[in-house]
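Some notes on the structure that comes next.
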Amino acid sequence: MDRVRKLKEIDDFNDECESCRKPSLLHAGACVRSETVDDKELEGIWKEFRVKMKSVMRKIREEREANLKEIEITKNWKAVMIQMNEWNTENIERLCGVLVRNR
Ligand SMILES: [Zn+2]
């Protein structure tokens, strides 16, 4: 899962190793190509890989979405605070007056 997190683009998880044609995500480092597998075996490896990746990808997408939401909220608050900081006392008092009147 950490290997997926380190990917530059999340969709790169599906990349095929140019040397051995296995999912490159399965390599911890560079490809060693110690064994050659036939097409049928390769197909099996990919099939198993995709099944495993489904749940991993779901978790990572959820993580990313939660992160984005948090960033969005922080951004909004920052904008509000910057805005408030630029207001002068008169404007703030006027706003407070409006808020009190609307209660
Ligand atoms: Zn390889």
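Before moving on, here are some points about what is shown:
- Positive-end residue, region 2-101 charge dipole about Cα centroid, Cβ charges, pick of VAL51, LEU25, VAL98: VAL98
- Distant-in-sequence amide contacts of GLU16, defined by a placed amide H-H separation under 5 Å and a gap of 5 or more residues or a different chain, comprise SER24.
- Cut-off 19 Å, label 7 Å out along Cα→Cβ of LEU95, residues of region 36-73 by amide N: 73
- Between ILE60, ILE82, ILE92, the residue with the greatest mean-square fluctuation in the GNM of the chain (Cα pairs under 10 Å linked by springs) is ILE92.
- Pairs from LYS6/LYS40; LYS52/LYS75; LYS6/LYS75; LYS22/LYS59; LYS47/LYS69 whose Cα-Cα separation, in the structure shown, is over 28 Å: LYS6/LYS40; LYS52/LYS75; LYS47/LYS69
- Computed Kirkwood radius, in angstrom, where 1/r is averaged over Cα pairs of the chain: 18.2 Å
- C-alpha long axis of helix 89-101 to longest principal axis of the chain, angle in °: 90 degrees
- DSSP-loop chymotrypsin sites (Phe, Trp or Tyr not before Pro) across region 13-103, with at most 15 other Cβ within 10 angstrom: TRP87
- Applying both filters, DSSP loop and at most 13 other Cβ atoms within 10 Å, to the trypsin sites (Lys or Arg not before Pro) of region 1-48 gives LYS6, LYS8, ARG33.
- Residue-count net charge about ARG64 - beta-carbon cut-off 13 Å; Lys, Arg +1, Asp, Glu -1: -2
- The long axis of helix 39-86 is offset from the longest Cα principal axis of the chain by roughly 10 degrees.
- Here is how the number arises for the chain: DSSP H runs of 4 or more residues each give -39500 (n - 2.57), the sum is divided by the residue count, and the result at 222 nm is -22000 deg cm²/dmol.
- Under the convention that each Lys and Arg Cβ holds +1 and each Asp and Glu Cβ holds -1, the size of the dipole of the chain around its Cα centre is about 500 debye.
- Computed extension gain for VAL37 through SER55, at 0.36 nm per residue and net of the alpha carbon distance, reaches 3.9 nm.
- In region 25-64, Rg over Rh equals 1.09, where Rg is the alpha-carbon radius of gyration and Rh the Kirkwood radius from pairwise Cα distances.
- Using only side-chain charges placed at the Cβ, +1 for Lys and Arg and -1 for Asp and Glu, the dipole size of region 4-46 relative to its Cα centre rounds to 280 debye.
Throughout, read-outs are computed from the coordinates displayed, never taken from laboratory work. Note that the structure is a prediction, hence the values are computed from the model and not measured. Please note: Cβ atoms are built from the backbone with ideal geometry, for glycine as well, and neighbour counts cover all protein chains shown.
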